[in-house]
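> Starting off with a structure, shown below.
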Amino acid sequence: MNFEKLIYQIEEKFGIKERKKESFLVSETNRGEKIFGEKEYIEFETPQGVFRLEETRKPKILDKKILAGKRIGARTAVEYIWSSEEKSVYLKLYKKENGDWQEIDIKGLI
């Protein structure tokens with residue numbers, strides 16, 4: 001089920017208290033290129049409490065290169081190759097308990 005359908009169903013049943021979308025820095029390449037992702041969430045209240053449903057989208061990692069020097073004491077680094085078209089999508093559900101957001105395992109819910 002996609003995120004927009006979930007939002008629609010939640011809005012119909014409970015209403016939405018807050019909805020927000022923001023960009024965040026995922027990584028910076030060795031060449032200085034910044035890779036950004038996007039996070040969107042809604043907060044809603046049910047008879048069981050206040051919940052936050054969050055979807056995170058970021059570029060998919062296509063490959064990983066290990067950059068190592070041959071000298072003693074040389075530093076190693078990992079360079080990721082990011083997709084410009086494909087995205088990795090993560091969906092998380094949180095419940096507010098005692099002022100803190102506690103993650104709920106949603107594998108059995110969807």
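> So how much slack lies between residue 16 and residue 91, counting 0.36 nm per residue of separation and subtracting their Cα-Cα distance, in nm?
Here the answer is 25.3 nm.
> Something else: If you stretched the chain out fully between residue 106 and residue 27, how much longer would it get, using 0.36 nm times the residue separation minus the C-alpha to C-alpha distance?
25.7 nm
> Add +1 for every Lys or Arg and -1 for every Asp or Glu among the other residues with Cβ under 14 Å from the Cβ of residue 31, and state the total.
-1
> As an exercise, identify the trypsin sites (Lys or Arg not before Pro) in segment 43-90 lying in DSSP coil whose Cβ has no more than 12 other Cβ atoms within 10 Å.
Those that pass, being in a loop and sparsely packed, are 70, 71, 75.
> Which one of 68, 25, 91 has its Cα pushed farthest toward the positive end of the charge dipole of the chain, where Lys and Arg give +1 and Asp and Glu give -1 at the Cβ?
Among 68, 25, 91, the one farthest towards the positive end of the dipole of the chain is 68.
> Per DSSP H run of n ≥ 4, the term is -39500 (n - 2.57); total these for the chain, divide by its residue number, and report the mean residue ellipticity at 222 nm rounded to 500 deg cm²/dmol.
Helices in the chain give a 222 nm mean residue ellipticity of -3000 deg cm²/dmol.
> Okay, next question. Could you tell me the ratio Rg/Rh of segment 1-46? Both radii from Cα atoms, Rh via Kirkwood.
In segment 1-46, Rg relative to Rh is 1.22.
> Tell me, in nm to one decimal, what length is gained between residue 98 and residue 39 on full extension, where the rule is 0.36 nm per residue of separation less the Cα-Cα distance?
Length gained, residue 98 through residue 39: 18.8 nm.
> May I pose another question? Out of these labelled values of Rg and Dmax of the Cα atoms in Å, (1) 15.1, 50; (2) 20.4, 68; (3) 18.9, 63, which was calculated from the coordinates shown here?
(3)
> If you line up the long axis of helix 3-13 against the longest principal axis of the chain, both from Cα atoms, how many degrees apart are they, to the nearest 10?
Helix 3-13 sits at roughly 20 degrees to that axis.
> Picking from 93, 25, 67, which is most flexible by a Gaussian network model of the chain using Cα springs under 10 Å?
Comparing 93, 25, 67 in the GNM, the peak value goes to 67.
> Sticking with the crude label model, points 7 Å out along Cα→Cβ, report the distance from residue 60 to residue 84 in nm, one decimal please.
1.7
A short reminder: the numbers here are calculations on the coordinates, not readings from a lab. All figures in this text were calculated on a predicted structure; none of them were measured in a lab. Please note: Cβ atoms are built from the backbone with ideal geometry, for glycine as well, and neighbour counts cover all protein chains shown.
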